[in-house]
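For reference, the structure is listed below as structure tokens.
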């Protein structure tokens, strides 16, 4: 156990690969999460899922919706609701800047990564614009071409030896 004041490291607990596939992330930022005790314990055990999660600005506050945090078994009946809205902690000037960008056409806030840093749960938010279908196909074709080139290079290396 780390002593008070010591760094406890960085542990990624959940990633949102769907968001990386469906959106062009233009800017990333870190936000704290307001959680109850059973939620942080479940997250530390790896019981979080960001697949359908999204964030919005409401009344000068940023809220995270649809993040699934599995029930913590030892919490008995004092547990938490799995998909409740969770408040995100950002500075007021960051929230104002986000509000301005989100009101522009096509921007949305998506959670990219959930991690524990120095004992506190943090979420990496991305200011994103949705990809179109042809963009997704282009990315897939590019990835396939790179994979094919790597295969060819490895095969050539074996034959030359």
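Please treat every number below as a calculation from the coordinates, not as lab data. Given the structure is predicted, the values throughout are model-derived calculations rather than measurements. Note that each Cβ is placed from the backbone with ideal geometry, even for glycine, and that neighbours are counted across all protein chains shown.
Principal axes first, then extents: for the Cα atoms of the stretch 10-130, list largest minus smallest coordinate on each axis, whole Å, largest first.
If we take the Cα atoms of the stretch 10-130, the spans are 45, 30, 25 Å.
Top mean-square fluctuation among 77, 107, 23, Gaussian network model of the chain, C-alpha springs under 10 Å?
Between 77, 107, 23, it is 77 that shows the largest mean-square fluctuation.
Roughly how far apart, in whole Å, are the Cα centres of the stretch 40-83 and the stretch 100-138?
17 Å
Which of 80, 91 has the fewest other C-beta atoms within 10 Å, and how do the rest follow up to the most?
Details: 80 20, 91 10.
Fewest to most other Cβ atoms nearby, the residues stand as 91, 80.
Report the relative contact order of the stretch 10-130, percent, no decimals, based on alpha-carbon pairs under 8 angstrom and at least 6 residues apart. Show your work: numbers first, answer last.
Working: 250 pairs, mean separation 46.9, N = 121.
Relative contact order comes out at 39 percent.
How do 81-89, 142-150, 38-46 rank on mean C-beta neighbours within 10 Å, highest first?
Values: 81-89: 15.3, 142-150: 10.0, 38-46: 18.7.
Most protected by this proxy first, the peptides run 38-46, 81-89, 142-150.
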